[in-house]
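S.K.: Dumping the structure here so I can ask a few things about it.
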Amino acid sequence: MSVSDSMRAVRITRHGGPEVLEPTTVAVPTLQAEEVLVQVGAVALNNTDLWTREGAYGRPDDPKALSGWRGPIDFPRIQGADVAGRVVAVGAGVRGSLVGRRVVVDPAIYDTEGPDANPVGLMGSERDGGYAEYVTAPANRVHDVTESPLTDDQLAALPTAYGTALGMIERGRLRRGETALVSGASGGVGLALVQIARARGTRVIAISSGPKIDAVREAGAHEVVDRAGDITEQIRAFAPEGIDVALDVVAGDLVGEGLPLLREGGRWVIAGALGGYGVTFDVRRLYLHNAQVIGSAMHTPAHFELLMDLARRAEVQPVIAAAFPLDQAAQAQEELSRRGHVGKIVMHP
């Protein structure tokens, strides 16, 4: 396939607000050995885009330091972790039959090569991402989804949100017949949690705001808690015997208030902190009831393989809230930050 020498892209040259997103023309990235070049069909937005742009992640030695997902950003950086598209070229050591195939890129940078490796970096933060017409990726991190009936927009919605959701569900050992609590249920990860947990045969109690309750219920939640009311009392009413697994992207006060709602041996899985980073709880609720608090950052390679199997069979149906052209990246991120939508926001190069 013919590929031009230059491409349109949006990059950041420093941390800051939406104004630091810079539409530009740059060289198409050079293929290295064991890499493929993907023409981007759609790129989805995530909270990681906002927090990386703002430098909001901090560092273990300095929580207030400006930082990308796992450390200082090597500017300029092209953002965008979630890419669906087609392979247009391959580097040395990669089979040529991949050219022309429709793929989803696993955006994680792992600490080892094994199936249970931990993510220690992210495309769009620690390496250039998909806010561009083309992006390179390791060949072993692109997954052939040519036969999937999902659209490019839906496929692009999967990697970070659904990967994070599946990682939470796997690490929380959620089993058929259990009761799961999902916080932040109208967001990208929240809707993914609702859909995947429902598909696993669990009873899903979701927390959402009033205007979005119907959409969350339509995604598969059995019961929806209105966060404008007394959250713990509503959960108790829906699950008087308690919950088995909390799948939490909110944290903050919810952790301390919600831990007493866990059944014996319950698991509280945290993958975000939309409600605040500081958490206080009664530690007796853990050791007296054999409960666990589990941190979950994205997914492992094995989790991502499971996700791609779901995508090929269209067993999950990502909801697309809005689509923007690439040169409106700043507007798209502002829309994401307002949190008035349900589902995922995508961009088209």
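The values are calculated or read from the model by the stated rules, or taken from the named source; none is laboratory data. Since we're looking at a predicted model, the values are computed, not measured. Positions of Cβ are generated from backbone atoms using ideal geometry, with glycine treated the same way; all protein chains shown enter the neighbour counts. Only protein heavy atoms, including side chains, enter the accessible area calculation; ligands, DNA and RNA are left aside. Shrake-Rupley method; radii C 1.70, N 1.55, O 1.52, S 1.80 Å.
S.K.: Going toward the positive end of the dipole of the chain, with +1 on Lys and Arg Cβ and -1 on Asp and Glu Cβ, which of His303, Val105, Thr30 do you reach last?
M.R.: Result: His303.
S.K.: Only four residue types carry charge here, +1 at the Cβ of Lys and Arg and -1 at the Cβ of Asp and Glu. Report the dipole size of region 1-69 about the Cα centre in Debye, rounded to the nearest 20.
M.R.: 160
S.K.: So, one more: Note the full-extension length gain between Asp116 and Glu264 as 0.36 nm times their separation in residues minus their Cα-Cα distance, in nm to one decimal.
M.R.: Full-extension gain reported as 50.5 nm.
S.K.: Of the options Ile243, Tyr131, Gln333, report the single residue whose Cα projects farthest towards the positive end of the charge dipole of the chain (beta-carbon charges: Lys, Arg +1; Asp, Glu -1).
M.R.: Of the options given, the answer is Ile243.
S.K.: Okay, next question. Putting +1 on Lys and Arg Cβ atoms and -1 on Asp and Glu Cβ atoms, find which of Val255, Val204, Gly275 reaches farthest to the positive end of the dipole of the chain.
M.R.: Val204
S.K.: To continue, here is another question. If the convex hull of the alpha-carbon atoms of the chain is projected onto planes in all directions, what is the mean projected area in square nanometres?
M.R.: 16.9
S.K.: Using DSSP to call loops (not H, G, I, E or B), can you name the trypsin sites (Lys or Arg not before Pro) in region 85-159 whose Cβ has at most 12 other Cβ atoms within 10 angstrom? Don't jump to the answer; show the numbers that get you there.
M.R.: Details: sites: Arg86, Arg95, Arg101, Arg102, Arg127, Arg141; in loops: Arg95, Arg101.
When the trypsin sites (Lys or Arg not before Pro) of region 85-159 are filtered for loop state and at most 12 Cβ neighbours within 10 Å, Arg95 remain.
S.K.: Order His348, His15, His299, most accessible first, counting only protein heavy atoms with a 1.4 angstrom probe.
M.R.: Largest accessible area first, the residues go His348, His15, His299.
S.K.: Here is a further query. Could you work out the local net charge near Ala92, counting Lys and Arg as +1, Asp and Glu as -1, over the other residues with Cβ closer than 10 Å to its Cβ? Present the calculation step by step, with values, prior to reporting the outcome.
M.R.: On the way: positive: none; negative: Glu34, Glu35.
My count for the surroundings of Ala92 gives -2.
S.K.: Another question, if that's okay. Modelled label-to-label distance, His348 and Glu305, 7 Å Cα→beta-carbon offset: nm?
M.R.: That separation, rounded to one decimal, is 3.5 nm.
S.K.: Now, a different point. How many percent of the accessible area of the chain is carbon or sulfur, using a 1.4 Å probe?
M.R.: On the chain, the fraction of accessible area on carbon and sulfur atoms equals 48 percent.
S.K.: Go ahead and set up a Gaussian network model of the chain, Cα springs under 10 Å, then flag whichever of Arg173, Arg338, Arg77 fluctuates most.
M.R.: Arg338
S.K.: Residues of region 195-217 with amide nitrogen under 16 Å from the 7 Å Cα-to-Cβ point of Arg338?
M.R.: 211-212
S.K.: Given bins 10 angstrom wide, list per bin the percent of all Cα-Cα distances in region 218-273, short to long.
M.R.: Reading upward from the zero bin: 22, 59, 19, 0.
S.K.: Same structure, new question: Checking a compactness column here: for region 233-338, what do you get for Rg(Cα) / (2.2 N^0.38 Å), N being the number of residues? Please list the in-between numbers first.
M.R.: Details: Rg = 17.9 Å, N = 106, 2.2 N^0.38 = 12.9 Å.
For region 233-338, the normalised Cα radius of gyration is 1.39.
S.K.: Give the Debye-formula value of log10 I(q)/I(0) at each listed q (0.22 Å⁻¹), with one equal scatterer per alpha carbon of region 66-178, two decimals each.
M.R.: With no solvent term, the Cα-only Debye profile gives -1.35.
S.K.: Which whole-number value in Å² is the accessible area per residue of the chain, probe 1.4 Å?
M.R.: Spelled out: the 1.4 Å probe surface of the chain, per residue, equals 41 Å².
S.K.: Here is a further query. Quick one: compute the contact order of the chain, relative version, from alpha carbon pairs under 8 angstrom and 6+ residues apart, as a percent.
M.R.: Averaging sequence separation for qualifying contacts and normalising by length gives 19 percent for the chain.
S.K.: Given the DSSP H assignment, sum -39500 (n - 2.57) over each helix run of at least 4 residues in the chain and divide by its residue total; what's the result at 222 nm in deg cm²/dmol, nearest 500?
M.R.: Computed mean residue ellipticity for the chain: -6500 deg cm²/dmol.
S.K.: Around Gly177, under 10 Å between beta carbons, what's the net of Lys plus Arg minus Asp minus Glu among the other residues?
M.R.: For residues surrounding Gly177, the net value is +2.
S.K.: Any idea what the dipole of the chain comes to, in debye rounded to 20, about its Cα centre with Lys/Arg Cβ at +1 and Asp/Glu Cβ at -1?
M.R.: The dipole magnitude comes to about 400 debye.
S.K.: Which length gain, in nm to one decimal place, applies between Arg236 and Arg175 when the Cα-Cα distance is subtracted from 0.36 nm times their residue separation? Provide the component values of the computation, followed by the final result.
M.R.: Numbers: separation 61, 0.36 × 61 = 21.96 nm, distance 2.07 nm.
Answer, rounded to one decimal: 19.9 nm.
S.K.: Give me the percent relative contact order of region 108-154, please, defined on Cα pairs under 8 angstrom at least 6 residues apart.
M.R.: 20
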